[in-house]
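Down below is the structure, laid out as structure tokens.
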Amino acid sequence: MKNIVLTGFMGTGKTAVGRELSYILGRKLVDVDSEIEKSRGIKIDEIFRDLGEEHFRNIETEMITKIAREKHLVISTGGGAVLREENMRALRENGIIFCLSAGPLTVLKRTVRNSDRPLLRGDDPMKKIIELMDYRKPFYEKAGIMIDTENKNPLQVAEEIAEIYNAEVKS
Ligand code: S3P
């Protein structure tokens, strides 16, 4: 069975929705960022700080290529995975990609409490969210099936995705 792949901007609920999907469909959830941290024994934050974003993107591509070969998974990617077409191509090969979306204010609310997102750190996270979202919009739009998460809880989003996924795999 094809993988269910979740992508989308930081704070759109990929991990929380992934957990619900994993539970309702009885599938293993693989979170790309967690796999990177486990395999390197280092936090994403530290990779950004010590080695830089480009280095992180290379590790991310390596990990995505490895995970995307498997089947029957729920895969949750980091928000920047869409930036490299080779990541999306690998994920598409064995999976159906869903791109979660939310407005900047919702993203701010969902990310403000934890400090583990190096790209949103600084005096004005809202400005960074808007700039990054703007730049990435075309990448997200072509990544996969768009799912709006505004005013929905993770279970509702997961149920919506499961329904679309089931219809897609049957067709
Ligand atoms: C990133 C998103 C993060 C993490 C890294 C870079 C991005 O994952 O991969 O901080 O470029 O959008 P989440 O989307 O799970 O926060």
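The values are calculated or read from the model by the stated rules, or taken from the named source; none is laboratory data. Because the structure is predicted, anything quoted here is derived from the model rather than measured. Reconstructed Cβ throughout: ideal geometry from the backbone, glycine too, with neighbour counts over all protein chains shown. Note: accessible area is taken over every heavy atom of the protein model, side chains too, but ligands, DNA and RNA are not part of it. Shrake-Rupley method; radii C 1.70, N 1.55, O 1.52, S 1.80 Å.
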Cβ-defined net charge surrounding residue 19, 12 Å radius [Lys, Arg +1; Asp, Glu -1]: +1
Net charge of Cβ neighbours under 13 Å - reference residue 60; Lys, Arg +1; Asp, Glu -1: -4
Value of [θ]222 nm, deg cm²/dmol, for the chain, DSSP H segments ≥ 4, -39500 (n - 2.57) each, nearest 500: -17500 deg cm²/dmol
Proximal lysines to residue 142, defined as alpha-carbon separation beneath 20 angstrom and excluding residues fewer than eight positions away on the same chain: 2, 14
The chain: relative contact order in percent, alpha carbon pairs under 8 Å with at least 6 residues between: 35 percent
GluC sites (Glu not before Pro) restricted to segment 89-171 and DSSP loop, no more than 11 other C-beta within 10 Å: 150
Proximal charge balance of residue 28 [Cβ under 11 Å; K/R count +1, D/E count -1]: 0
Of all accessible heavy-atom area on segment 71-171, the percent that carbon and sulfur account for (1.4 Å): 52 percent
